[in-house]
Amino acid sequence: MAVAAAQRSPALPAVPSFAELGWPQVDAPSVYGLIGPARLPGPVVQRLNALLVQPAASPELRPRLEAQGYTVTVGSAEDYAALIHREIRRWREVIAAAGVLPK
């Protein structure tokens, strides 16, 4: 058994990460975020981001989320978009290398 993230989960401190077991390429943590429709106006995106980041980073909610095993990371809408694009590229390569879909 191992955690499929770069580091151990605070919720499972006795369970090593795949990287610790010699498999650093296995890095697939769960990620949660909000995605809106295409061409959503920038000011709306920024307002939604502010409304979501504030409670997630709050000293009241953050410890409760972490107690449930979540690692809370907050950032900008641009940060999240960049993460999504990196993950699409990464998994496209993994799928092609595995021969699941034609290259």
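The values are calculated or read from the model by the stated rules, or taken from the named source; none is laboratory data. A quick note: this is a predicted structure, and the numbers were derived from the prediction, not measured. Every residue, glycine among them, receives a Cβ derived from its backbone with ideal geometry; neighbour counts consider all protein chains shown. Accessible surface is based on the protein model in full, side chains and every heavy atom, while ligands, DNA and RNA are left aside. Shrake-Rupley method; radii C 1.70, N 1.55, O 1.52, S 1.80 Å.
Out of the residues in the range 65-103 that are aromatic (Phe, Trp, Tyr) and within 21 Å of Val26 (Cβ to Cβ), state the one that is modelled with the lowest pLDDT. The extreme case among them is Tyr70. Might you check whether a residue that is farther than 22 Å from Glu93 by Cβ, assigned to a loop (DSSP other than H, G, I, E, B), polar (S, T, N, Q) and free of Cβ contacts under 8 Å to residues at least 40 places away in the same chain occurs anywhere in the range 2-14? Scanning the range 2-14 turns up at least one residue that is farther than 22 Å from Glu93 by Cβ, assigned to a loop (DSSP other than H, G, I, E, B), polar (S, T, N, Q) and free of Cβ contacts under 8 Å to residues at least 40 places away in the same chain.
Please go through the range 65-103 and give me each residue that is of a type in the set (S, T, N, Q) and under 24 Å from Val44 (Cα atoms), ordered by number.
Selection gives Thr73, Ser76.
Can you tell me which residue within the range 9-64, out of those that are open to solvent by 90 Å² or more (accessible area, probe 1.4 Å) and hydroxyl-bearing (Ser, Thr, Tyr), is modelled with the highest pLDDT? Going through the qualifying residues, I end up with Tyr32.
Yes or no: Val94 surrounded by 13 or more Cβ atoms within 10 Å (Cβ to Cβ) and among the β-branched types (Val, Ile, Thr)? Show your work before the answer.
On the way: surrounded by 13 or more Cβ atoms within 10 Å (Cβ to Cβ): no; among the β-branched types (Val, Ile, Thr): yes.
Spelling it out, it is not the case that Val94 is surrounded by 13 or more Cβ atoms within 10 Å (Cβ to Cβ) and among the β-branched types (Val, Ile, Thr).
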